[in-house]
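Each value in this text was obtained by applying a stated rule to the coordinates, not by laboratory testing. The model shown is predicted, which means the values in this text are computed figures rather than measured ones. In this analysis, Cβ positions are derived from the backbone assuming ideal geometry, glycine residues included, and neighbour counts consider all displayed protein chains.
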Amino acid sequence: MTLDCKGLSCPMPMLKITKTMKSLNTGDVLEILGTDPGTKTDLPSWCAKNGHELLETTDLEGGVNRMVVRKG
Amino acid sequence: MSSQNKNSLSELFGMLFGKHWPVWVGGILLGLLNILLFAIKSPWGASGGITNLGDNLYSLFGMFPGKEVTAVTASNYGMLVVLIVFGSLAGALFSKEFALRVPPKGEMIKGFIGGALMAVGATVGIGCSIGSFFSGVPALSGGALVFSFAMFAGVIVSLKYLIWEMEKFPKWSTGKSYTFLAAAPEKGRWQIIAGIIVLIFVILIAYTYTDTNPVMSWFIIIATLMGLISQRSRFCIVKSFRDPFMSGESHGTVGVIAGLAVSLVGFTAIKYFSIGDISEVSQRARELTWVFPNFWGKALAGGFIFGLGMTVAGGCAVGTLWRVGEGQIKLWFSLLGLVLFSPISNEYIVPFADGILPQSARFRSFLPDYIGYDGAFLLIALILIVWYVFVKWNERTGKFSAF
């Protein structure tokens, strides 16, 4: 599943990520595409706190960050 | 330059601009710079400067005739606002994080409305998240404490709205978005060169004031540093109030508490010993610096409205300014709302508030007048400690977080 947060700034990406994760089952993988630099800092600590696994963080063309999280 | 020195310099550059700084580092540095501003003239504030920008804009179009308007280039606080944006721009460019990020339409509308609400809150409450909170609380102002608690209530109401909106009207924050001028991965050297040009430009502006207005030179340099530090540490007052009740995270709050604690020590010393230029002002005026006549009614109303606005906008006064420098278009709309509505609110809404509130609900309350310097210092230190313990406990237990 992919969540498009491109163009959004704090707090909308984290709000949307939290809402989407709630709808997933344990072990499901969520791909997040965003452009807010803050999400790259907020996501790792949020994952650690909530028992999710941050599988990947990659910078793509056009200022887009791709983050992949497995629900714990 | 030897290759070893070059390596050391690129290591330092990588350390400063490779990753974001911990918010507490940003908070402490901003607290120290705030003390320096106060020692030179008066503490950090944003809403006065934003109003100055709005006044200048309206006078360009001949509106509000008869009103005396200080040119932005002659206003310390007007320039402070502008240079925070430039400092953030430099920080974003050096870290290759600058890009024009255009959000979906609904977000831009929310940005503008949030900015307009912040303008009303800051003008009625006499101060914003900086003047009546980050500077006002360490300035030992009773009004700042009321403003802070009211702002907190506004944040909670507004956060509930955002969660409701996301559930009921998810389309408002989805749709077409665009990104321009982003640095490509492993490339984007042009951003670093542009950052150097911005810094040279800022230094030249500061230099032009050295003979005629040295205070302005210092304000320009400090504002640039404040913008850069805020962008690198993502220092934001709305985050500090909101996140414990949203995701439960406490690092934004700890950063703000660190900055307040540093400023509290410095501001108390400056006031107690009347440090700084008191040739022009009396000792009492130095004590009452940043203690605004807003206790308690104006602070209550203004703080609540400001809290509503900054949460909808997604940036407090300084959070808006540094995100403008980073290229977040939503916050450009917030700044537009702030700039356009601050003079209007001063002209129409503030006189109305003054008309319905008695003098006893809008006076200067300097805490040491009631409980002494030691009592005021301890009271604020205690509030900061309780706040710290609460957010750390809440982070562990998640008792008050929405998710």
Problem set entry | Sequence of B:TYR77, B:TYR207 once ranked by neighbouring C-beta atoms within 10 Å, starting from the fewest | B:TYR207, B:TYR77
Seminar exercise, completed: Output row, site B:LYS67, 7 Å Cα→C-beta label point, backbone N cut-off 15 Å, window the range B:321-353, residues B:337-352
For this session: Set the Förster distance to 22 Å, then compute FRET efficiency between B:ILE196 and B:SER2 from the Cβ-Cβ distance, nearest 0.05.
Result: 0.55
Problem set entry | Global geometry of chain B, whether rounded, prolate or oblate, following the gyration tensor of its Cα atoms and the 1.5 cut on a/c | rounded
Problem set entry | B:LEU382 paired with B:ASN213, simple spin-label distance in nm, labels 7 Å along Cα-to-beta-carbon | 4.4
Seminar exercise, completed: By the C-alpha gyration tensor axes a ≥ b ≥ c (rounded if a/c is under 1.5, else prolate when a/b exceeds b/c, else oblate), the shape of the range B:312-396 is oblate
Seminar exercise, completed: Applying the gyration tensor rule to the Cα atoms of the range B:173-264 (axes a ≥ b ≥ c; rounded if a/c under 1.5, else prolate if a/b exceeds b/c, else oblate), the class is oblate
For this session: Calculate the spin-label point distance for A:THR58 paired with B:VAL25, positioning each point 7 Å from the Cα along the beta-carbon direction, and give it in nanometres.
Result: 2.9
Problem set entry | Neighbour count of at most 13 Cβ within 10 Å plus DSSP loop: longest GluC sites (Glu not before Pro)-free window in chain B | B:281-403
Exercise. Lysines near B:LYS6 by alpha-carbon distance under 25 Å, same-chain residues fewer than 8 away left out - which ones?
Worked result: B:LYS19, B:LYS96, B:LYS187
For this session: Using Cα centres only, tell me the gap between the range B:150-223 and the range B:90-104 in whole Å.
Result: 8
Exercise. In square nanometres, what is one fourth of the surface area of the convex hull spanned by the alpha carbons of the range B:57-194?
Worked result: 12.4
Problem set entry | Candidate aspartates and glutamates for bridging to A:LYS49, where Cα separation is under 15 Å - those fewer than 8 sequence places away on the same chain excluded | B:ASP243, B:GLU249, B:GLU395
Problem set entry | In Hz, Karplus ³J(HN,Hα) per residue of the range B:130-139 (6.51, -1.76, 1.60; θ = phi - 60°; x = Gly, Pro) | 9, x, 9, 9, 5, 9, x, 5, x, 6
For this session: Report the net charge of residues surrounding A:LEU60, where surrounding means a beta-carbon distance below 12 angstrom and charges are Lys +1, Arg +1, Asp -1, Glu -1.
Result: -3
Exercise. On full extension of the chain, what length is gained from B:VAL265 through B:VAL389, given 0.36 nm per residue of separation minus the C-alpha to C-alpha distance?
Worked result: 42.6 nm
Problem set entry | Amide proton proximity set for B:TYR178, modelled H, under 5 Å, gap of 5+ | B:VAL102
Exercise. What translational D, rounded to a whole number of µm²/s, comes out for the range B:118-220 from Stokes-Einstein when the hydrodynamic radius is the Kirkwood one over Cα pairs, at 20 °C and 1.002 mPa s?
Worked result: 115
For this session: With springs connecting C-alpha atoms under 10 Å apart, model chain B as a Gaussian network and identify which of B:VAL350, B:VAL155, B:VAL291 has the largest mean-square fluctuation.
Result: B:VAL350
Exercise. What are the lysines whose alpha-carbon lies under 30 Å from the alpha-carbon of B:LYS271, with same-chain residues fewer than 8 places away excluded?
Worked result: B:LYS41, B:LYS239, B:LYS298
